[in-house]
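A short reminder: the numbers here are calculations on the coordinates, not readings from a lab. All figures in this text were calculated on a predicted structure; none of them were measured in a lab. When we count neighbours, we look across all protein chains shown, and the Cβ atoms used for this are built from the backbone with ideal geometry, even at glycine.
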Amino acid sequence: MGENQTSNRKIIWAIGGGKGGSGKSFITTNMGICLSKLGVRVILIDADLGGANLHTFLGISPPALSLSDFIQKSVSHLQEALIPTEIPNLQLLTGAQDLLNAADAKSTQKRKLLRSIQSLESDYI
């Protein structure tokens with residue numbers, strides 16, 4: 001890869017598990033805070049389709065915009081739904097607020113979502 005291509009690469013980590021209450025949000029939030037304090041740009045995405053709660057770990061009220069707004073085309077770019085936090089270099093994109101609409105997203109919408117996540121301006125997602 002050329003130097004420009006390497007500098008535009010971002011690291012995307014997925015944290016998941018089938019059991020609720022196992023600490024996924026706690027670990028994710030703390031990893032994001034630690035990375036952002038190192039001076040890298042971090043976006044946390046809560047992809048829970050219906051029970052998004054990552055915002056509570058950051059002391060943020062339920063946001064007005066979420067993944068569901070992007071899926072339903074209320075916003076054209078994910079960047080519009082990013083929420084700043086009080087922590088420098090750390091932003092949040094919260095999970096869909098409407099489980100049925102988000103879960104029924106067509107495969108083309110899911111591909112568009114993945115491409116949009118990859119295009120977000122950040123070092124770590």
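Can you list the chymotrypsin sites (Phe, Trp or Tyr not before Pro) in region 1-93 that are in a DSSP coil and have 12 or fewer other beta carbons within 10 angstrom? In loop regions of region 1-93 (DSSP not H, G, I, E or B), the sparsely surrounded chymotrypsin sites (Phe, Trp or Tyr not before Pro) are TRP13. Using 1/(1 + (r/R0)^6) with R0 = 30 angstrom and r between the beta carbons of LEU38 and SER107, what's the FRET efficiency to the nearest 0.05? Computed FRET efficiency for LEU38 and SER107 comes out at 0.25.
Each other residue within a Cβ distance under 12 Å of ASN53 adds +1 if Lys or Arg and -1 if Asp or Glu, for a net charge of -1. Within the straight-line cut-off of under 26 Å between alpha carbons, the lysines reachable from LYS110 are LYS10, LYS19, LYS24, LYS73, sequence neighbours fewer than 8 places apart in one chain being disregarded. So what does the Cα-only Debye profile of region 16-71 read at q = 0.19, 0.22, 0.26, 0.29 Å⁻¹, as log10 I(q)/I(0), no solvent term? Summing over Cα pairs of region 16-71 leads to -0.76, -0.97, -1.19, -1.29.
What residues have an amide H closer than 5 Å to that of ILE45, excluding those fewer than 5 places away on the same chain, when H is modeled at 1.01 Å from N in the peptide plane? Amide H to amide H, under 5 Å and 5 or more residues apart or across chains, ILE45 pairs with LEU93. Sequence-ordered 3J(HN,Hα) estimates for region 42-51 from the Karplus curve with 6.51, -1.76 and 1.60 and θ = phi - 60° stand at 10, 10, 9, 10, 8, 8, 5, 8, x, x Hz, glycine and proline given as x. Each residue of region 118-125 was assigned a 3J(HN,Hα) from its phi angle through the Karplus curve 6.51 cos²θ - 1.76 cosθ + 1.60 (θ = phi - 60°); the sequence is 5, 8, 4, 7, 6, 8, 10, 10 Hz, with glycine and proline shown as x.
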